[in-house]
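Structure first, then comments.
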């Protein structure tokens, strides 16, 4: 339900603007890529009439673009062999490898950031002033197992392809290093909006890790009405098809009506 809420919000928001809705699968880590889960996502989107305006994109098919970005950033990056255990007490990277000259195949590539003031405007949360060096510090853009990081892949895709991104507020802080990357790559940043995520009563986000129940595609219309209700859109209490619910949502969508906190999820 949490994923459906975000998908519905992003669909209605961009469609009301007269834009095109795109579906992207972040599958850059082959060890975590689950083809069964991908099929379930596609089935749920179809059942809820959430159809993209272009073929579904998979990040695993854009590695050439990420490698090009890596080369562009190489002069501002350095190799790092710090382990997670070594950094577990550090809020930002302490710079242990900034002056490291030797390189081995299992080293990660870390981007050197500056300490200039910047600002980020979010359509939900407003303006945030930040300093890259203080806020998140040097960060990894290419992993030691020769895979692109989430930050770099997302920055390249968002900057090259999209005008608006609406997603869950659990990714709000992740936007800052991604904006920094877009700036370094001379890419235009999209407009961002981060909405609250659905949680249990104890504040835990619904996810696979927290054993969130899967959507029942057989009650798609009930799910869609519930999604609009969670989002504060005051849906009517009348029978509509999945397509009619989305059409209603696009017509009546109000981003400002989304509550600051979604009411807790309770499984029926």
ask   = Of all DSSP beta bridges located in the chain, what percent are antiparallel, nearest 5?
value = 65
key: Simple spin-label estimate for residue 122 and residue 210 in nanometres, 7 Å along Cα-Cβ   = 1.7
query = Pick from 201, 183, 43: which residue has the top mean-square fluctuation in a GNM of the chain where Cα pairs under 10 Å get a spring?
reply = 201
task = Specify the residue with the greatest mean-square fluctuation among 222, 204, 154, computed from a Gaussian network of the chain linking alpha-carbon atoms under 10 Å apart.
result = 204
task = Just rank 245, 253, 21, fewest to most, by other beta-carbon atoms within 10 angstrom.
result = 21, 253, 245
ask   = How would you order 258-267, 167-176 from highest to lowest mean count of nearby Cβ atoms within 10 Å?
value = 167-176, 258-267
query = Extension gain residue 106-residue 129, at 0.36 nm per residue separation less the Cα-Cα distance, in nm?
reply = 4.7 nm
Net length gained if the chain between residue 257 and residue 40 were fully extended (0.36 nm per residue, minus Cα distance) = 75.1 nm
note = Note on the chain: the mean projected area of its alpha-carbon convex hull, in nm², is 15.3
remark   = Length gained if residue 243 through residue 16 is fully extended, taking 0.36 nm per residue and subtracting the Cα-Cα distance, is 80.2 nm
key: Tilt relative to the chain, helix 242-252 - C-alpha long axis, 0 to 90 degrees, to 10   = 80
The range 30-163 - Rg (one decimal) and Dmax (whole number), Cα, Å = 18.0, 54
inquiry  = Mean-square fluctuation check for the chain, GNM, Cα pairs under 10 Å: which of 126, 95, 249 is largest?
reply    = 126
ask   = In deg cm²/dmol, rounded to 500, what helix-only [θ] at 222 nm does the chain give when every DSSP H run of at least 4 residues adds -39500 (n - 2.57) and the total is split over its residues?
value = -10000 deg cm²/dmol
inquiry  = Defining a contact as two alpha carbons under 8 Å apart and six or more residues distant in sequence, what relative contact order in percent does the range 66-132 show?
reply    = 30
key: For 1, 56, order by how many other beta-carbon atoms lie within 10 Å, fewest first   = 56, 1
key: C-alpha long axis of helix 35-47 to longest principal axis of the chain, angle in °   = 40
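All of the numbers you see were taken from the coordinates with simple rules; none came from a lab. Values in this document were obtained by computation on a predicted structure and should not be read as measured data. Heads up, the Cβs are rebuilt from the backbone with ideal geometry, glycines too, and the neighbour counts pull from every protein chain shown.
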